[in-house]
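Asks: Pasting a structure below so you can have a look.
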Amino acid sequence: MSDGVLDEAYERLHRTGPEYQGWLSNHGPMAVEALVRHGHPHRVHRWLDDYLGRLDELPRGLHPIDDWRSALGDPKRAGDWLAYFDRQLREHQWRAVLGTWWPRLLPGIAAGATHGVIRVGHAVRALGPDDENPQRLTELGQALGYWAARWQPIPGTDRLLSVDSDQPDADDIDVAAALAGLPRIDDQTGGVRDRLDQLPGVPRWEPALATLRPARSPAEAERGLTALAHRAGLNYLRFGHAAPVMLVHAVTAPTAVLRTLPALDRGLWAPSLTAAWAATAAMTSGYAPADGIAPPTVTPATPAEVFARAARHGDEHVVKLADAILDAYATSADERLLTAPGYAGQLI
C-alpha cells in the first residue's frame, strides 16, 4: 500500500520541474518519500494537492548532452540533463549510472543549496539493488539531472578532494572540534550563492576546512559521516534560530550522502565524507551566528511522535529534518536530537 502511494506521488511530481519561482528547489519528491518511509502515506496526496500548485512545469531541453563537462552546472540545460539521465537509466542498471556519475557530481555538492545531493539520497533510499520500478528510476534520473544542472563547487573543496587519504595512523576524525573551529562570513545576508562567494575571502576558511582530514578507510568515512550528521543536528539547536530553513541543510546533506554509501563502491566513501563535510561547513559558516544560544525546551517525544508532529506541521523542511534526525538518533541514541524537529516547527 505504502509503496503504491509513493509511486503515485512520484508520477504526479514528475510532470513538474526541479525548481520553481526562479531557483527554489522542488522538495516534493523528498518530502513524500520521507512521509511514506515513516508510516504516513495517508498524508501524501493531500499534502501534494497543496504543494503542486507552487511548482513549474518540467523544463524543455535545448539539445542533447554531448560534452557533459561543458554542460555541467548550466541551469539552462536542466531539461537536457533530465532527458540525459532518463535515457541513461533506461539503458543501464541504476547502480552503474550512479557509480559513474557520483564522483563527477560530488565536487559540485553545493548544487541547489545542496538539494541536488539531498534529492539523490532520498531517491537511492527508495530503490532496491535490482529495482526496475519506472517511477523510482525516473526519480533518480531527475535527481541526478538537477544536481548536474546546478552543479556548484564549494571553495577549497577541490584541494581537499585531491589529498591522498593513505596517511599514517592518527587520532580518529574529530567532527565536533572541526565544526567548532569554523569561521563565519562577514555579511550573512543574501542568497546561498552570494554567501558561498564570500568564503574565499575569509582568511581562516581553508585552514578550518582542512581541519577534518580525509578518511583513511571506508569504515572511517562512514563513522565520520555519522558523526557529522549527529553534530550538525545538535548545532541546529544552538544556531537554528538565525536561519531556520537553510541550516536544515547542514543536517540533511550529510545524511543524504550517508544513505547513498551502500549503493557506491567503497573507494568512493572517503571523498564522500570530504564533500559532505564541505557542504555542512559552508552552510554553517554562511548562516550560523558566531555565538549560539542555549538549546530550547521542546516537549519530549518518542521517535515516532517526533515524526508524526513534523508530518502534522506539514512544512517540507520540518519533515525532512525530522527524517534526518531520526537517522542520527538511530545510530547515536542521543535524545537531545529529538528536540530539533519540534524546534524547527516552532521557528518555521
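The values are calculated or read from the model by the stated rules, or taken from the named source; none is laboratory data. Note that the structure is predicted; figures quoted are calculated from it, not measured. Here the Cβ positions follow ideal geometry from the backbone for every residue, glycine too, while neighbour counts run over all protein chains shown. Quick note on the areas: whole protein, heavy atoms, side chains included, nothing else; ligands and nucleic acids left out. Shrake-Rupley method; radii C 1.70, N 1.55, O 1.52, S 1.80 Å.
Asks: Taking helices (runs of 4 or more DSSP H) that do not extend beyond segment 4-106, which have at least 2 residues that are of a type in the set (Phe, Trp, Tyr) and surrounded by 13 or more Cβ atoms within 10 Å (Cβ to Cβ)?
Replies: In segment 4-106, 44-51, 78-91, 94-105 are the helices (runs of 4 or more DSSP H) which contain 2 or more residues that are of a type in the set (Phe, Trp, Tyr) and surrounded by 13 or more Cβ atoms within 10 Å (Cβ to Cβ).
Asks: Of the residues Gly286, Gly292, which is closer than 18 Å to Ala178 by Cβ and at pLDDT below 95?
Replies: Matching residue, one of Gly286, Gly292: Gly292.
Asks: Name the single residue that is nearest to the chain's Cα centre (by Cα) among those in segment 8-53 being among the charged types (D, E, K, R) and under 24 Å from Ala148 (Cβ atoms).
Replies: Glu33
Asks: Which residues, counting only those in segment 253-286, are touching a helix residue (DSSP H, G or I) at 6+ places or on another chain (Cβ under 7 Å) and either open to solvent by 60 Å² or more (accessible area, probe 1.4 Å) or over 22 Å from Leu199 (Cβ atoms) (or both)?
Replies: Thr255, Leu258, Arg259, Thr260, Leu261, Ala263, Leu264, Asp265, Arg266, Leu268, Trp269, Ala270
Asks: Mind listing whichever residues of segment 187-204 are within 21 Å of Val248 (Cα to Cα) and not basic (Lys, Arg)?
Replies: Asp187, Gln188, Thr189, Gly190, Gly191, Val192, Asp194, Leu196, Asp197, Gln198, Leu199
Asks: Taking segment 254-279 as the region of interest, how many residues are under 15 Å from Leu179 (Cα atoms) and touching a Ser or Thr at 6+ places or on another chain (Cβ under 6 Å)?
Replies: Of the residues in segment 254-279, 3 are under 15 Å from Leu179 (Cα atoms) and touching a Ser or Thr at 6+ places or on another chain (Cβ under 6 Å).
Asks: Is it the case, given these coordinates, that Pro289 is in contact (Cβ under 8 Å) with a residue 60 or more places away in the chain, open to solvent by 10 Å² or more (accessible area, probe 1.4 Å) and farther than 19 Å from Gln152 by Cβ?
Replies: Here the answer is yes, as Pro289 does meet what is asked.
Residues are listed down the side, and each one gets a yes or a no for (1) touching a Lys or Arg at 6+ places or on another chain (Cβ under 7 Å); (2) under 15 Å from Tyr287 (Cα atoms); (3) modelled with pLDDT of 95 or more:
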position	(1), (2), (3)
Ala227	no, no, yes
Ala232	no, yes, yes
Asn235	no, yes, yes
Arg238	no, yes, yes
Pro244	no, yes, yes
Val248	yes, yes, yes
Arg259	yes, no, yes
Pro262	no, no, yes
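Asks: Any residue at all in segment 267-277 that's β-branched (Val, Ile, Thr) and out of contact with any Leu (no Cβ under 9 Å at 6 or more places or on another chain)?
Replies: no
Matching residues to (1) buried (at least 24 other Cβ atoms within 10 Å of the Cβ); (2) touching a residue at least 60 places away in the same chain (Cβ under 8 Å):
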position: His115; (1), (2): yes, yes
position: Val120; (1), (2): yes, yes
position: Arg125; (1), (2): no, yes
position: Asn133; (1), (2): no, yes
position: Leu137; (1), (2): no, no
position: Ala143; (1), (2): yes, yes
position: Ala149; (1), (2): yes, yes
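Asks: From the set of residues in segment 298-312 that are open to solvent by 80 Å² or more (accessible area, probe 1.4 Å) and either touching a Gly at 6+ places or on another chain (Cβ under 9 Å) or without any contact (Cβ under 8 Å) to a residue 12 or more places away in the chain (or both), which is farthest from Ala330 (Cα to Cα)?
Replies: Checking each candidate, the answer is Arg312.
Asks: State which residue pairs qualify: first residue under 15 Å from Thr16 (Cα atoms) and inside segment 66-91, second residue among the charged types (D, E, K, R) and outside any helix (DSSP H, G or I) in any location, beta carbons under 8 Å apart, and separation of 6 or more residues or different chains.
Replies: Ala78/Glu19; Gly79/Arg60
Asks: Scan segment 115-142 for residues that are hydrophobic (A, V, I, L, M, F, W, C) and in contact with a Pro (Cβ under 8 Å, 6 or more places away or on another chain) and jot them down.
Replies: Passing the criteria: only Ala123.
Asks: So, one more: Run Ala333 past the list (1) on the phi > 0 side of the Ramachandran plot; (2) of a type in the set (A, V, I, L, M, F, W, C); (3) open to solvent by less than 10 Å² (accessible area, probe 1.4 Å) and report the number of the one that doesn't hold.
Replies: Among (1) on the phi > 0 side of the Ramachandran plot; (2) of a type in the set (A, V, I, L, M, F, W, C); (3) open to solvent by less than 10 Å² (accessible area, probe 1.4 Å), Ala333 violates only (3).
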